[in-house]
Structures are given as structure tokens and as C-alpha cells.
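Encoded as C-alpha cells, the structure appears first; notes follow it.
The values are calculated or read from the model by the stated rules, or taken from the named source; none is laboratory data. What you see is a predicted model; the values in this text were computed from it and never measured. Here the Cβ positions follow ideal geometry from the backbone for every residue, glycine too, while neighbour counts run over all protein chains shown.
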Amino acid sequence: MLHASDYQLSFLSDLALKRGSITLTSDTVSVAFTKQTAQMDPRGQIGIDINERNVTWSDSAGRIERDDTSEVAELKECYRGVRAKIAERTQKDRRVQRCLLSRHGKRERIRTLQRLYRVTKRIVKHAQVNRFGIVMEKLKGIRKLYRKGNGQRASYRGRMNSWTFHEFQRQVEYKALWAGIPVTYVNARGTSRKCPSCGSSLTRVEGRKLMCPSFRRTEDRDVIASKNIMAYAVLQARPSR
Ligand SMILES: [Zn+2]
């Protein structure tokens, strides 16, 4: 018996969509669609800075937003405990252990996806309404940072794990492409070193605040990072990957 929501079925009757391949698994049917979307000419940009506990973004119109994603980190922590307990209690039965572990892994993934979904939807909506392009950090260096045993410690603990980070970008990208919003990836090295307004080197004040010496004004480092990521889109001017 196949269950599909009205929303899902609406894709089947949308004449603007071209039907592609169909994938069957034991409990799902996936139908791939393609859509020809004209990419819009953006009037501005949204720069997104992704962290472990929040996603901070700012746009060309001066709007700054922060979405709390601490639930994602807590979820991960919680499931780590669950997994350890399962491993301990099912030591004698590897088959049961594998089965339970994979079931819990799936559950964690689904709940993480749902939480990220809310955030990515909001950002892409904002881009669409205001005709902004989206700029994010290129992942390349990030994966390397997460390689085990390369000496990184506390300084990188604040970042999302690479699966979540990647998934966040994947969601933004497919929603953006679907809506014709251009997505740019920039090399985000040094995004919290220079002032996004005047380029002066920033000094660290307290906590996560940074100060620009020419304006004598402090700002949150995540906000600064998102502004710099947005500015890098123009500086590095590379097409979306
Ligand atoms: Zn400045």
C-alpha cells in the first residue's frame, strides 16, 4: 500500500516538471523530477556563517539574523550516550547490536534533518522574497579540519560536525536552485580577522566580541563572519560549484 500526501502528489500533476527516474526500496518510492528554472539576477546577497550552536546570516540590506541550532548539537550528544549504552548491553550479540545501532542512527539523522529543515527553509524564503543570492563557506577545508588526529582541539569544537554542516548546505542549495536563487561558495579563511566595513584588523575584546579599531565598535564574531562571507562573494567572484 502506497501512502502519499497531497503535497507529494501535487508534483505528479505539475506540468512544469519533467519526470525522471523512479527508485524503489523496501519501504519507499522516490520519483526524481527536473525543472527548468531561470536563475534570477540577484539584487543583493545573504552571507551565512554556520556554527555548532547557531547559524548566523546577514544580507546586503543590513539585516542580521541568528537561528539557534543548539538542539542539533544536543541531539548528537544524547544519541552518543544512547549508542554507548546499546553497545555495552549487547556486547554478546553482535547482530542485535548492529540492528539497534543502525535504528538509532537513522532516528538521529531524521530528527537532525527536521531541525535543519526549518532553518534552511527560512533563509531560502528570505532570499526568494528579497531577490538575494546566497553565499556560503566552501567545505573543502572543513573536511580536513575534522580528520582525526590532526591536532585540532578546542578551537574547532565550536563547529558543526561535518555531516551536519554538509547537510545544511545541501538543503540550502537544492531549495535555492529550485527557486532559481544563485548559490556561491567562498573560501572563508580569515572571516573573523578583518572588519567587513573597512578592512582593518580586528582585535578580540571579550567572549565572542571583536572590535574594529577605526570605528571603535564591537560586534559578534559570527555576525562579522557572515558579513565577510557575503563580501567575499564579490571579491572571489566564482560561479556556483
Ligand atoms: Zn572597520
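Hey, any hits in the stretch 3-15 for a residue that's surrounded by 11 or more Cβ atoms within 10 Å (Cβ to Cβ), assigned to a loop (DSSP other than H, G, I, E, B) and either among the small types (Gly, Ala, Ser) or touching a His at 6+ places or on another chain (Cβ under 6 Å) (or both)?
Taking every residue of the stretch 3-15 in turn, at least one turns out to be surrounded by 11 or more Cβ atoms within 10 Å (Cβ to Cβ), assigned to a loop (DSSP other than H, G, I, E, B) and either among the small types (Gly, Ala, Ser) or touching a His at 6+ places or on another chain (Cβ under 6 Å) (or both).
Within the stretch 18-42, count every residue that is surrounded by 12 or more Cβ atoms within 10 Å (Cβ to Cβ) and not in a strand (DSSP E or B).
4
Can you find even one residue in the stretch 42-63 that is touching a Lys or Arg at 6+ places or on another chain (Cβ under 9 Å) and modelled with pLDDT under 80?
Yes.
Considering only residues that are among the acidic types (Asp, Glu) and surrounded by fewer than 16 Cβ atoms within 10 Å (Cβ to Cβ), look in the stretch 85-118 and name the one that is nearest to Lys175 (Cα to Cα). I'd like the intermediate steps shown before the answer.
Going residue by residue through the stretch 85-118, those that are among the acidic types (Asp, Glu) are 88, 93, 108.
Cutting the leftovers down to surrounded by fewer than 16 Cβ atoms within 10 Å (Cβ to Cβ) gives us 88, 93.
On the way: Glu88: 41, Asp93: 43 Å.
If we take residues in the stretch 85-118 being among the acidic types (Asp, Glu) and surrounded by fewer than 16 Cβ atoms within 10 Å (Cβ to Cβ), then Glu88 is nearest to Lys175 (Cα to Cα).
Being closer than 25 Å to Val183 by Cα and either in a strand (DSSP E or B) or without any contact (Cβ under 8 Å) to a residue 40 or more places away in the chain (or both) narrows it down to one residue among Gly47, Gly81; which is it?
Values: Gly81 fails: closer than 25 Å to Val183 by Cα.
Going through Gly47, Gly81 in turn, the sole match is Gly47.
Kindly provide the set of residues from the stretch 176-191 that are within 15 Å of the ligand (Cβ to nearest atom) and crowded, with 18+ Cβ neighbours inside 10 Å, ordered by number.
Of the residues in the stretch 176-191, the ones within 15 Å of the ligand (Cβ to nearest atom) are 190-191.
Residue satisfying the conditions is Thr191 alone.
Would you check if there is a residue in the stretch 162-175 being assigned to a helix (DSSP H, G or I), more than 16 Å from the ligand (Cβ to nearest atom) and among the basic types (Lys, Arg)? If you could, list the steps in order and put the result at the bottom.
Quick first cut of the stretch 162-175, residues assigned to a helix (DSSP H, G or I) only: 162-175.
With more than 16 Å from the ligand (Cβ to nearest atom) added as a condition, the list becomes 162-175.
Narrowing the set further to residues that are among the basic types (Lys, Arg) leaves 170, 175.
There is at least one residue in the stretch 162-175 that is assigned to a helix (DSSP H, G or I), more than 16 Å from the ligand (Cβ to nearest atom) and among the basic types (Lys, Arg).
Can you report the number of residues in the stretch 180-196 which are small (Gly, Ala, Ser) and either assigned to a strand (DSSP E or B) or modelled with pLDDT of 90 or more (or both)? Working first, answer last.
So in the stretch 180-196, the residues small (Gly, Ala, Ser) come out as 180, 188, 190, 192.
Checking the rest, the ones that are also either assigned to a strand (DSSP E or B) or modelled with pLDDT of 90 or more (or both) come to 180.
So the answer is 1.
Note down all Cβ pairs under 7 Å where the first residue falls in the stretch 10-38 and is more than 15 Å from Ala179 (Cβ to Cβ) and in contact (Cβ under 8 Å) with a residue 24 or more places away in the chain, the second is assigned to a strand (DSSP E or B) and of a type outside the set (S, T, N, Q), and they're at least six residues apart or on different chains.
Sorted first by the residue in the stretch 10-38, then by its partner, the pairs are Val29/Ile22.
Return yes or no: is Leu75 over 30 Å from Val234 (Cα atoms) and in contact with a Phe, Trp or Tyr (Cβ under 6 Å, 6 or more places away or on another chain)?
On the way: over 30 Å from Val234 (Cα atoms): yes; in contact with a Phe, Trp or Tyr (Cβ under 6 Å, 6 or more places away or on another chain): no.
When the stated conditions are applied, Leu75 does not pass them.
Of the conditions (1) surrounded by 14 or more Cβ atoms within 10 Å (Cβ to Cβ); (2) closer than 23 Å to Arg118 by Cβ, Val82 clears all except one; give me its number.
For Val82, the exception is condition (2).
Ala73 - would you say it is in contact (Cβ under 8 Å) with a residue 24 or more places away in the chain and surrounded by fewer than 16 Cβ atoms within 10 Å (Cβ to Cβ)? Outline the logic, then answer.
On the way: in contact (Cβ under 8 Å) with a residue 24 or more places away in the chain: yes; surrounded by fewer than 16 Cβ atoms within 10 Å (Cβ to Cβ): no.
So Ala73 does not fit the description; no.
Looking at the stretch 203-223, which of its residues are out of contact with any strand residue (DSSP E or B) (no Cβ under 8 Å at 6 or more places or on another chain) and within 13 Å of the ligand (Cβ to nearest atom)? Spell out how you get there, then give the answer.
Of the stretch 203-223, the ones out of contact with any strand residue (DSSP E or B) (no Cβ under 8 Å at 6 or more places or on another chain) are 206-207, 214-216.
Ser214, Phe215, Arg216 - these are the residues of the stretch 203-223 that are out of contact with any strand residue (DSSP E or B) (no Cβ under 8 Å at 6 or more places or on another chain) and within 13 Å of the ligand (Cβ to nearest atom).
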